[in-house]
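Q: Got a structure for you, questions after.
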Amino acid sequence: MTNFDDRERAFETKFARDEEMAFRILARRNRLLGEWAARAMGLTEVEGDAYAKEVVRAEFEEAGDEDVVRKLVGDLTAAGVETDEAKIRSEMAHKEVDARRQLMGTE
């Protein structure tokens, strides 16, 4: 019975670690995305940092990426930056790769 219990604990630990890493990657991706959008809108460094944090918080409004995409499209359009949902999603995919590389390099 001990081997089974050990394997179960190991699986649960790995699952928890994987879920934590996925959350960290998502948060980092959204921060990078917020920084990208802030530069596109011409925000100062301080404003850009605050804006990136807003984008990270936007992720928690609803499940999935729709809340972040909606925020970025709205904010960029309001700032006079020509964009659309496809461009945001493309940049989101690139930033996810960057976030994964950054976090995997730290572990």
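Read the figures in this text as sums done on the coordinates, not as results from a lab. This one's a predicted model, so the numbers in the text were calculated from it and none came from an experiment. Please note: Cβ atoms are built from the backbone with ideal geometry, for glycine as well, and neighbour counts cover all protein chains shown.
Q: Residue by residue, what Karplus-based ³J(HN,Hα) values in Hz, rounded to whole numbers, does segment 47-56 have, using 6.51, -1.76 and 1.60 with θ = phi - 60° and x for Gly and Pro?
A: 4, x, 5, 5, 5, 4, 5, 4, 5, 4
Q: Just tell me which aspartates and glutamates come within less than 20 Å, Cα to Cα, of Lys87; anything on the same chain fewer than 8 places away is out.
A: By straight Cα distance, Lys87 reaches Glu35, Glu54, Glu59, Asp65, Glu66, Asp67, Asp75, Glu96, Asp98.
Q: May I pose another question? In debye to the nearest 20, how big a dipole does the chain give about its Cα centre with +1 on each Lys and Arg Cβ and -1 on each Asp and Glu Cβ?
A: It works out to roughly 320 debye.
Q: Expected output is a single nm value to one decimal: the length gained when fully extending between Met104 and Asp84, i.e. 0.36 nm times separation in residues minus the C-alpha distance. What is it?
A: 4.2 nm
Q: Cross-link partners among lysines for Lys53, C-alpha distance below 19 Å, same-chain residues fewer than 8 apart left out?
A: The qualifying lysines are Lys71, Lys95.
Q: Moving on. Between segment 64-90 and segment 33-50, how many Å separate their Cα centres?
A: 14
Q: So what does log10 I(q)/I(0) come out to for the chain at q = 0.09, 0.10, 0.16, 0.24 Å⁻¹, using the Debye formula with one equal point on every Cα and no solvent?
A: One equal scatterer on each Cα of the chain leads to -0.30, -0.36, -0.72, -1.30.
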